[in-house]
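Structure record follows, encoded as structure tokens.
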Amino acid sequence: MGLLVDGKWQDKWYDTKETGGKFVRSASQFRNWVTPDGSAGPTGTAGFAAESGRYHLYVSYACPWAHRALIFRALKGLEDHISVSVVHPDMLGEGWEFRTDFDGASGDTLMGLRYMHEVYTSAQPDASTRVTVPVLWDKQTGTIVSNESSEIIRMFNSAFDGLTGNRDDYWPEPLRDEIEAINDRVYDTINNGVYKAGFATSQQAYDEAVRPLFDSLDWVEAMLSENRYLLGDRVTEADWRLFTTLIRFDKVYHTHFKCNFKRIVDYPNIWDYVRELYQRPGVAATVNFDHITRHYYYSHDTINPYRILPITPDLDLWAPHGRDRASLQSLPKS
Ligand SMILES: N[C@@H](CCC(=O)N[C@@H](CS)C(=O)NCC(=O)O)C(=O)O
């Protein structure tokens, strides 16, 4: 675990001393956008047109943020257009590595590098940044387009539609304000909430994260008792962003991050909803519990110094989900 300072790797754990024991996530630095014609997106520079075979995605199967990007790549039929490298689940002194001695860890299939930090310095030799996944790489200009998952999924949602003909829209115009409002709460208290609880180094920081986390899970449970999806009858980006945290919860966050007031299987509607999303075409193949459990329990030695991988519950993710029942089919909100 570490970061790049002026292009040099430094092995350092998150510093929580200055923030009263709180984990504060840094902002992503590469913020360009792939667009249909290469015009500039909302941030960054122009020049990244949607072309088949031009882009490469670096992911970890363990990481919930990278998982979003893999799900959108599958949902939008981009597998033949955007290639992928999968890092090794252990994130140790050199950060993410391209070792291949773990089933599913592909190595760097594009450039043959050893470490993810070398991908960053290939794009910018003097980079000062945390070295995170996912990363969307442009083979043509040899640089990083984006390392911000929330923006990568929006590019995948529509930029390549002309190439693939897949026009499924998870960010529909009329629902955007509502999606943003839900995303904000889900991000702060659930997606990042589990990390804030797990990486807290003071009782107060832990308490301040764990209570809002379970309040938000109650709020989600109530919404899903009335609607099939967060926004009503239609699956949106908000559902996929929530899903990648929920699917990791009972096997990892409940134990490793001390989010153990309840499990996801204890929320009847959320648990059915998780199985429904998991069973959608292409999604199950993006979920790799061996990488997920190995990564968290093995890499975070400040939390689990003996690196013991605990037994985790078997989840019957293919059990019928019942979410298509009539009582949940409300009218679409727009
Ligand atoms: N804002 C980023 C966050 C990505 C992120 O934090 N990924 C984690 C893995 S789950 C990572 O690579 N962490 C390495 C580090 O922080 O040094 C995004 O959503 O794309």
Some residue of the range 109-127 being of a type in the set (Ser, Thr, Tyr) and within 13 Å of the ligand (Cβ to nearest atom): yes
Residue, most open to solvent (accessible area, probe 1.4 Å), within the range 214-257, restricted to residues that are in contact (Cβ under 8 Å) with a residue 40 or more places away in the chain and small (Gly, Ala, Ser): Ser225
Answer from Asn191, Asn166 - the residue that is within 19 Å of the chain's Cα centre (by Cα) and open to solvent by less than 40 Å² (accessible area, probe 1.4 Å): Asn191
Selected residue (criterion: nearest to Leu163 (Cα to Cα)) from residues of the range 1-33 that are under 19 Å from the mean Cα position of the chain (by Cα) and away from the ligand (no atom under 13 Å from the Cβ): Trp33
Unmet requirement for Ser39, which otherwise passes all of (1) within 16 Å of the ligand (Cβ to nearest atom); (2) exposed (fewer than 15 other Cβ atoms within 10 Å of the Cβ): (1)
Every residue from the range 130-145 that is of a type outside the set (Phe, Trp, Tyr) and more than 12 Å from the ligand (Cβ to nearest atom): Asp138, Lys139, Gln140, Thr141, Gly142, Thr143, Val145
Qualifying residue in the range 91-101 (condition: under 18 Å from Ala62 (Cβ atoms), within 17 Å of the chain's Cα centre (by Cα) and within 15 Å of the ligand (Cβ to nearest atom)): yes
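Among the candidates Ser85, Ser106, single out the residue that is of a type in the set (Gly, Ala, Ser), within 22 Å of the chain's Cα centre (by Cα), more than 16 Å from the ligand (Cβ to nearest atom) and over 23 Å from Glu237 (Cβ atoms).
On inspection, the qualifying residue turns out to be Ser106.
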Test result for Asp90, charged (D, E, K, R) and closer than 26 Å to Leu3 by Cβ: yes
Within the range 243-277, tally of residues that are out of contact with any Leu (no Cβ under 7 Å at 6 or more places or on another chain) and within 15 Å of Met223 (Cβ to Cβ): 6
Test: Asp233 is in contact with a Gly (Cβ under 9 Å, 6 or more places away or on another chain) and either farther than 25 Å from Pro305 by Cβ or among the aromatic types (Phe, Trp, Tyr) (or both): no
Thr141 being of a type in the set (Val, Ile, Thr) and surrounded by fewer than 20 Cβ atoms within 10 Å (Cβ to Cβ): yes
Among (1) in contact with a Pro (Cβ under 9 Å, 6 or more places away or on another chain); (2) within 16 Å of the ligand (Cβ to nearest atom); (3) not polar (S, T, N, Q) - the single one Glu180 does not satisfy: (1)
Residue that is nearest to Arg167 (Cα to Cα) [pool: residues in the range 44-76 that are in contact (Cβ under 8 Å) with a residue 40 or more places away in the chain and exposed (fewer than 15 other Cβ atoms within 10 Å of the Cβ)]: Ser52
Considering residues of the range 146-163 that are within 16 Å of the ligand (Cβ to nearest atom) and assigned to a loop (DSSP other than H, G, I, E, B) only, the residue most open to solvent (accessible area, probe 1.4 Å): Glu148
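The values are calculated or read from the model by the stated rules, or taken from the named source; none is laboratory data. Predicted model only: the values in this text are computed from it and were never measured. Counting neighbours? That spans all protein chains shown, and the Cβs are built from the backbone with ideal geometry, glycine included. Ligands, DNA and RNA are excluded from the accessible area calculation, which covers all protein heavy atoms including side chains. Shrake-Rupley method; radii C 1.70, N 1.55, O 1.52, S 1.80 Å.
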